[in-house]
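Since the structure comes first, as structure tokens, the remarks are kept for the end.
Readers should treat all values here as calculations from the given coordinates under stated rules, not as data from a laboratory. Everything numeric in this text was worked out from a predicted model, so none of it was measured. All Cβ positions, even for glycine, are placed from backbone atoms using ideal geometry, and neighbour counts span all protein chains on display.
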Amino acid sequence: MSSSVIVNVDDNAATRYHRARILTAAGFKVLDAATGSETLALVENNSPDLVLLDVHLPDVEGTEVCRRIRAMESGTSIIVVQISASAVAATQATKSLDNGADAYLAEPVDPDVLVATVRAMLRLRNAEKALSLANEKLEAVNKELEQFAFAASHDIQEPLRTITSLLQLLDQQIADRLDDRQKMFFGYVMDAATRMRNLVQAILGYSQIGRGDSPALRPVNLNSIYANVLENLRDQIMESKAVIDLKGQLPEVWGDPSQFSQLLQNLLTNAMKYSRPEEPPKIHITADREDSGLWRISVHDNGIGMETRYLDQIFVPFKRLHGPEIPGTGIGLAYCRRIVEICGGRIWAESELGRGSAFIFTLKSAAKPVAIHE
Ligand code: ADP
């Protein structure tokens with residue numbers, strides 16, 4: 001920290017000299033500026049750690065200098081501490097901080113307070129830097145893991161395909177020579193191979209969401225997606241005698257149509273799959289606009305429900321609350337969460353055992369332009 005560079009700005013030569021002495025004695029490297037334009041040139045050429053900025057300057061006002069520093073490429077990581085006369089302190093402090101200053105000091109500034117404030121601000125910035133570095137590392141590790149999951153599940157598919165097709169061939173050739181026990185074992189092997197194939201495909205699908213080669217987000221009308229999903233699920237809806245009811249219309253939101261189709265399909269399939277045996281599934285879908293402008297879409301069912309304490313865990317890959325009597329890979333909800341989060345939304349569940357479940361997610365409206373993170 002002792003080698004941190006500080007730009008010391010004041011149009012009054014005596015004050016500037018006095019502060020420069022205090023800061024140099026505290027071990028900082030100090031660059032002096034008397035005007036706004038001098039300050040901006042120094043900042044541009046030296047990328048200082050901190051700018052100690054007098055509000056009243058002869059050419060450009062201090063708050064404006066601060067705004068221009070923030071607009072520079074490296075400007076957001078530079079700390080700006082503004083200083084002005086105590087007579088205007090309260091209003092000026094608000095104005096300075098609102099305009100992007102990190103801290104504000106009123107004259108006369110005690111030398112110890114000045115040094116302590118500068119040190120505290122630099123500590124804060126170093127902590128911020130360390131945090132963003134750690135985040136970058138975490139992201140890199142996550143990407144690597146995703147690539148690994150993708151490559152592994154992709155490569156496992158090939159030998160698995162060989163195993164299943166050879167098993168089928170073997171079944172055709174030797175089925176009539178097997179006794180009942182052998183037939184049962186053979187059936188187990190076939191089932192296990194099919195389960196494994198489904199799992200590997202689910203992992204492959206999951207690791208592909210949000211990869212660089214997936215399509216960019218765009219406005220999507222959920223009504224047509226919903227109509228297609230109902231069509232895809234027609235057999236399952238008829239078989240389970242499910243009644244699905246959409247209140248009003250679904251909105252237009254930011255995202256990827258094929259991913260939204262998967263999202264709705266997973267939630268509706270679950271709502272039918274985890275139904276109570278004595279009652280056909282009744283599913284309600286609603287869409288409401290939140291105060292924040294996001295759309296909140298819910299899928300309610302009257303099914304078997306879940307214990308409230310497990311509600312966070314079900315979005316983790318392979319987490320299942322029910323046994324093999326209800327088939328599944330345990331990856332459907334993890335998939336849903338990934339899809340929603342890539343679009344800048346959130347998904348959660350509300351439920352009680354035996355009392356149905358609701359899956360609720362938020363998505364950005366496509367009705368007006370919105371900033372979408374990459
Ligand atoms: P899968 O259905 O393949 O097991 P999911 O990731 O879709 O995997 O769901 C994870 C678990 O959450 C399920 O195994 C089930 O226990 C529970 N679950 C999901 N949806 C519902 C629902 N609508 N009602 C009750 N339980 C559900």
**OP:** Go ahead and set up a Gaussian network model of the chain, Cα springs under 10 Å, then flag whichever of 38, 128, 146 fluctuates most.
**Re:** 38
Subject >> Built amide H within the under 5 Å cut-off of residue 346, gap 5+ >> reply: 362
Original post:
Among 312, 256, 235, what is the fewest-to-most ranking by other Cβ atoms within 10 Å?
Top reply: 235, 312, 256
Original post:
Do any trypsin sites (Lys or Arg not before Pro) in the stretch 87-153 lie in a DSSP loop with no more than 16 other beta carbon atoms within 10 Å, and if so, which?
Top reply: none
Original post:
Comparing 139, 61, 350, which has the greatest mean-square fluctuation in the GNM of the chain with Cα pairs linked when under 10 Å apart?
Top reply: 61
Original post:
What is the magnitude of the charge dipole of the chain about its Cα centre, with +1 placed on the Cβ of each Lys and Arg, -1 on the Cβ of each Asp and Glu, and no other charges, expressed in debye to the nearest 20?
Top reply: 640
Original post:
So what is the relative contact order of the chain, in percent, for Cα pairs below 8 Å that sit 6 or more residues apart?
Top reply: 10
Original post:
What residue among 321, 105, 363 shows peak mean-square fluctuation when the chain is described by a Gaussian network model with Cα springs under 10 Å?
Top reply: 105
**OP:** Let me have the relative contact order for the stretch 1-143, percent, based on Cα pairs under 8 Å that are six or more residues apart.
**Re:** 20
**OP:** List nothing, just return the count: lysine pairs in the chain, 8 or more apart or interchain, with Cα separation under 19 Å.
**Re:** 6
**OP:** List the residues whose amide H sits under 5 Å from the amide H of residue 276, counting only those 5 or more places along or on another chain, with H placed 1.01 Å from N in the peptide plane.
**Re:** 304
Original post:
According to the square roots a ≥ b ≥ c of the eigenvalues of the Cα gyration tensor, what is the shape class of the stretch 1-60, taking rounded for a/c under 1.5, prolate for a/b larger than b/c otherwise, and oblate for the remainder?
Top reply: oblate
Original post:
Antiparallel DSSP bridges in the stretch 230-313: what percent, to the nearest 5?
Top reply: 60
Original post:
Could you give me the ³J(HN,Hα) list for the stretch 290-302, computed from phi with Karplus coefficients 6.51, -1.76, 1.60 and θ = phi - 60°, whole Hz, x at Gly and Pro?
Top reply: 7, 4, 5, x, 6, 8, 10, 10, 10, 10, 9, 10, 10
Original post:
Taking the C-alpha atoms of the chain, how large are the radius of gyration and the largest Cα-Cα span, Dmax, in Å?
Top reply: 31.0, 105
**OP:** Could you pull out every residue, at least 5 positions away or on a different chain, whose amide H is within less than 5 Å of the one on residue 31? Hs are placed 1.01 Å off N in the peptide plane, and Pro or chain starts have none.
**Re:** 6, 7, 8
**OP:** Count the DSSP beta bridges whose two residues both fall in the stretch 185-340, then state the antiparallel fraction as a percent rounded to the nearest 5.
**Re:** 70
**OP:** With unit charges on the beta carbon (Lys/Arg positive, Asp/Glu negative), name the residue among 322, 287, 184 whose Cα is farthest towards the positive pole of the charge dipole of the chain.
**Re:** 184
Original post:
How large is ³J(HN,Hα) for each residue in the stretch 350-366, as worked out from phi by the Karplus curve 6.51 cos²θ - 1.76 cosθ + 1.60 (θ = phi - 60°), to whole Hz, x for Gly and Pro?
Top reply: 10, 6, 9, 4, x, 10, x, 9, 10, 10, 10, 9, 10, 9, 6, 5, 9
**OP:** With both partners inside the chain, how many of the DSSP beta bridges are antiparallel, as a percent to the nearest 5?
**Re:** 50
**OP:** Go ahead and estimate [θ] at 222 nm for the chain from helices alone: -39,500 (n - 2.57) per DSSP H run with n ≥ 4, summed, over the residue count, rounded to 500.
**Re:** -16500 deg cm²/dmol
